[in-house]
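Peer 1: So that we are looking at the same thing, I have put the structure below in structure tokens.
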Amino acid sequence: MTNTSFLDKIATVLIEDYSNTLSNTIVVLPNKRAKVFLIEALKNQVDSNILSPEIISIEDFVQNIAGIRTVDPIELLFEFYEVYLSITDKTNQQTFELFANWAKTLLQDFNEIDRYLLDPSHVLSYLKDIEDIKKWGIEVENKTELLEKYIDFWKLLPNYYQSLYTHLLNKGIGYQGLIYREAVNNLNHFTDSVVEKQFVFAGFNALNAAEEKIIQHLIASDQAKIFWDVDQTFLNDPYHDAGLFVRRFKESWKHYKSNPFEWIVDDFSQSKNIHVIGTPKTIGQAKIAGSIIENVIHTSESLGANGKLDKVAVVLGEENLLVPLLYSLPSTVGALNITMGYSSKNNPAQILIAKLFKMHTNALSRNNNSYVFYYKDVLDILTHPLVEPYAKTTALVSIINKNNYTFITHQKLVELNAVPSELFVLLFKKWESGSIPVLESISELLLTIKNNLSNDNEEEKITKAFVFAIFKVINKLNNYYSKHQHIDKIETLYAIYKQVIDLAEVSFEGEPLNGLQIMGVLESRVLDFDTVIVTSMNEGKFPAGKSQNSFIPYDVKRELGLPTFKEKDAIYTYHFYHLLQRAKNIYLLYNTESEGLDAGEKSRFITQLEVEKQINHNLTHEIYNADLPETAYQPMVIPKSESVMIRLKEIADKGFSPSALTSYIRNPIQFYFQKILRISEVEEVEENIALNTLGTIIHETLKVLYEPFIGKFISESDLINCFKQIDVEVLKQFKLVYKEGEIKKGRNLLAFEVAKRNVSNFLKVELESVKNGDAIKIIALEQTYERSLHHPGLPFPVLIKGNVDRIEERNGIIRIIDYKTGKVDKANVMLKTWNGLTEDIKSDKIIQVLAYAYMYEQEAKGKPIEAGIISFKNLKSGFLPFIFKEEKELNSIINESVLSNYIEQIVFLLSEILDKNIPFEEKI
């Protein structure tokens, strides 16, 4: 049995009962969207040409009765602010930002009061009385100025309401509630002017008091009929929320005392397949929705204009699922129709403008009165997906990263990008001449971005819709700012932008009769589909939670007949069950994750379906989890190809450094990336000085201080002289290494002081040694040494090459020193056995210092050699030489036996690196 859709039934009524007066018939529907579907239903039922009835949404219909233009929420906020300023003492006037915080809520309450035709002065003075009662216990003398102002605010509410109402009425504009109230006032005049017209109201559920009054008035004067779409399962159950409103109307409307109630249907109890699917996260739901649609396509016999996808709807319980869903749809979907509002909070164009505001307001508010950008703000803009592909600033990003620009003046930024693109100029134009030029510049920027996007692919079309939505908001702001010049500060503009952006939505409107339908909950009203996929079926999302965005308390709302969260839930319940009413295959997806307060709890609607299961409903419940592989991560294995072997030979000829050897021990894949593929780390701005940068600065300072002493013995006076140069030299090295980075503030200033302290402490140790009679002769500083290693265990000779921090002769012994800014102690340079030296990364310091000893051995001309480390974090231990602990003997002199054992270990390591049959295998 096929269920006839509600709009098909309405089309039949129009053709059969209104055939003679069709051109004088006005069909009123809950939303604009259903109009296209009703026209299609009419087309399918007629063979010859007919004049279509006028089809209109309830909002447009009420607007016609009232004869007042609706005002958008942003304009309303500005109009209300004008009224507020005109009736508030100058001393008590708030800035627009503060005003907007409470005005948005108050306007919603005004709207509800009007839609439900309540006496505003009664309701608003009621609120004042409640606040007075709350403060009764406070003695007059204890009332603070703040408290007085608070009570005054409640006293002023009736005045705010009346002044705004009159102000808007004089301009012929209004918010929804005002228009509804005026429509009711104008009802008799309206019905007299449309005597020859017939009205058909179709598909309604919840009506506010004004709508009830208008519809009942037209029915009573025999000018209208109303057709409900309610299932007997919900209507006859006194506790089922899906029938809450219609039950009320059926019982209380005078018309139904003597007339039949149309229509009560029995569609919900028919055969249905309901699949409840739980899966972790939003993305999981999007993926499952995509695979369900793919399955529908494959099992469908006929696809096309009237194929199966036209009768498939994806209803998003949460709007932020839209983008993941679009990426999860199979390529075979073809035509697609998105009809929903999408909040500007997640809009990429909005994110760009918010970042632009942040960058410029930060630049303006920096002290010293110069226009200074913070590098993160600049890079955030330049790497934004709407900017990066078109701004031609790759070189600029690279310069900022390489030179450590933390703060960049506007002038410097312009200099660094000598040939700027139009987009760059618009992004970084100074914001110093007031709000209107700023808004015009942003408007121009958005147009430029729009022109960069093509119409060829769906993704860019959607991005264009995002850009256009923000463009409209900026233009509206521009419009209002030109009328309201008194709020002209950039900080205020940003605050206003943040306020109004919440009210701005991207409205997607596609080709409704073609292809897969993706919609929000409200957009599904009056429409029927065969296959319905509903996402985000979690408590707090579907239905939405108890948001109390109102100044009117719950019990007052109950008493006055205003809707509370109970009624809002009932509206949601009706929409949900209406989606299911005529559908045959239903998929309800929810998030099983328990992040947040109630994200993981499945919706009560699912529980209700399970508890009140109909006989003909086939209901299944599954939990889908991603397939987890047995091994979470497979270590990378890279075989040595011919070209890898060529590169290894190249390294062997140019020289293996000790750090290259230790990098292989640490992780062969790291060695492969750095040495074979020559992939260096990405340059980033080093906002706080990294440890390796600090190390470089200390190394370089010591090199400069000690350079004059190469080849001679150091005296006490030489070292005392060095102390005087520390400050100047450390600063010089900072500037050389850290380039444009900021070193006068914060952590970097501390790092600067640490570098000076380290150098000073090192010199103190040296001075102490000289005073104690040590004869120290500097042989080399930061010098590169190399030595070719010939060994039968290697396929070809390998050059060992490295940079030695310092070589000195101390009391007749050659001492090779490696500086370390980190902590090193004796244990790190002591060895008990040669076995496994090159297998343990803990031996990296030993491998390094012995490599230096091996390279320098021939230069030592037979003099005894020590090789070790000076750790700046362990200066009290002084020089830490490599020691081989043999039984109880400790020997720091590197003899032939030590070097030959060491070479055996290095050859073992090199033979593995150079063996083409041993792949590079990742260590985890």
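The values are calculated or read from the model by the stated rules, or taken from the named source; none is laboratory data. Just so we're clear, the structure is a prediction, and the values are computed from it rather than from any experiment. Cβ: placed from backbone, ideal geometry, glycine included. Neighbour counts: every protein chain shown.
Peer 1: Can you say whether F671 is touching a Ser or Thr at 6+ places or on another chain (Cβ under 6 Å), surrounded by 14 or more Cβ atoms within 10 Å (Cβ to Cβ) and modelled with pLDDT of 90 or more, as far as the supplied structure shows?
Peer 2: yes
Peer 1: Same structure, new question: Considering only residues that are more than 19 Å from P543 (Cα to Cα) and either touching a residue at least 12 places away in the same chain (Cβ under 8 Å) or in the same structural domain as Y574 (by TED's automatic domain parsing) (or both), which ones fall in region 239-256?
Peer 2: Selection gives V246, R247, F249, K250, W253, K254, H255.
Peer 1: A follow-up question, please. Being part of a loop (DSSP other than H, G, I, E, B), touching a Leu at 6+ places or on another chain (Cβ under 8 Å) and closer than 30 Å to V611 by Cβ: is that true of F268 here?
Peer 2: For F268, the condition - part of a loop (DSSP other than H, G, I, E, B), touching a Leu at 6+ places or on another chain (Cβ under 8 Å) and closer than 30 Å to V611 by Cβ - is met.
Peer 1: For region 762-868, list the strands (runs of 3 or more DSSP E) that sit wholly inside it and hold at least 3 residues that are surrounded by fewer than 18 Cβ atoms within 10 Å (Cβ to Cβ) and in contact with a strand residue (DSSP E or B) (Cβ under 6 Å, 6 or more places away or on another chain); which are they?
Peer 2: In region 762-868, 776-789, 798-810 are the strands (runs of 3 or more DSSP E) which contain 3 or more residues that are surrounded by fewer than 18 Cβ atoms within 10 Å (Cβ to Cβ) and in contact with a strand residue (DSSP E or B) (Cβ under 6 Å, 6 or more places away or on another chain).
Peer 1: For S398, which of the numbered conditions (1) in contact (Cβ under 8 Å) with a residue 40 or more places away in the chain; (2) part of a loop (DSSP other than H, G, I, E, B) fails to hold?
Peer 2: (2)
For every residue, the table says whether it meets (1) in contact (Cβ under 8 Å) with a residue 60 or more places away in the chain; (2) among the aromatic types (F, W, Y); (3) surrounded by fewer than 17 Cβ atoms within 10 Å (Cβ to Cβ); (4) more than 22 Å from E145 (Cβ to Cβ).
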{"site": "T95", "(1), (2), (3), (4)": "yes, no, yes, no"}
{"site": "L98", "(1), (2), (3), (4)": "no, no, yes, no"}
{"site": "K104", "(1), (2), (3), (4)": "yes, no, no, yes"}
{"site": "E112", "(1), (2), (3), (4)": "yes, no, no, yes"}
{"site": "P120", "(1), (2), (3), (4)": "no, no, no, yes"}
{"site": "V123", "(1), (2), (3), (4)": "yes, no, no, yes"}
{"site": "D132", "(1), (2), (3), (4)": "no, no, yes, no"}
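Peer 1: While we're looking at this one, here's another question. For region 247-296, which residues satisfy the criterion of being over 22 Å from T620 (Cβ atoms) and in contact with a Lys or Arg (Cβ under 6 Å, 6 or more places away or on another chain)?
Peer 2: Hits for region 247-296 are Y256, F261.
Peer 1: Here's another thing I want to ask about it. Only one of S398, S433, S482 is modelled with pLDDT under 90, closer than 19 Å to I353 by Cα, exposed (fewer than 15 other Cβ atoms within 10 Å of the Cβ) and out of contact with any Ser or Thr (no Cβ under 8 Å at 6 or more places or on another chain). Can you tell me which?
Peer 2: Result: S433 is the single residue among S398, S433, S482 that is modelled with pLDDT under 90, closer than 19 Å to I353 by Cα, exposed (fewer than 15 other Cβ atoms within 10 Å of the Cβ) and out of contact with any Ser or Thr (no Cβ under 8 Å at 6 or more places or on another chain).
Peer 1: Regarding F261, is this residue among the hydrophobic types (A, V, I, L, M, F, W, C), over 14 Å from L579 (Cα atoms) and assigned to a helix (DSSP H, G or I)?
Peer 2: no
Peer 1: Here's something else I'd like to know. From the set of residues in region 891-921 that are among the aromatic types (F, W, Y) and assigned to a helix (DSSP H, G or I), which is nearest to V798 (Cα to Cα)?
Peer 2: Within region 891-921, the match that is nearest to V798 (Cα to Cα) is F908.
Peer 1: Let me ask another. Here is a list: I869, I816. Which entry is within 51 Å of the chain's Cα centre (by Cα), at pLDDT 90 or above and not basic (K, R)?
Peer 2: After applying the criteria, what remains is I869.
Peer 1: Of everything in region 191-217, what is in contact (Cβ under 8 Å) with a residue 40 or more places away in the chain, more than 50 Å from the chain's Cα centre (by Cα) and more than 23 Å from A11 (Cα to Cα)? Give them in sequence order.
Peer 2: The answer is none; no residue qualifies.
Peer 1: So, one more: Which of the residues that make up region 891-924 are without any contact (Cβ under 8 Å) to a residue 12 or more places away in the chain and touching a Phe, Trp or Tyr at 6+ places or on another chain (Cβ under 8 Å)?
Peer 2: N891
Peer 1: Working only within region 218-234, note down all residues that are assigned to a helix (DSSP H, G or I), within 49 Å of the chain's Cα centre (by Cα) and not β-branched (V, I, T).
Peer 2: Within region 218-234, Q232, F234 qualify.
Peer 1: Right, here's the next one. I need every pair where a residue in region 757-770 that is on the phi > 0 side of the Ramachandran plot has its Cβ under 6 Å from the Cβ of a residue that is among the small types (G, A, S) and exposed (fewer than 14 other Cβ atoms within 10 Å of the Cβ), sequence separation at least 6 or different chains.
Peer 2: If the second residue must be among the small types (G, A, S) and exposed (fewer than 14 other Cβ atoms within 10 Å of the Cβ), no pairs are left.
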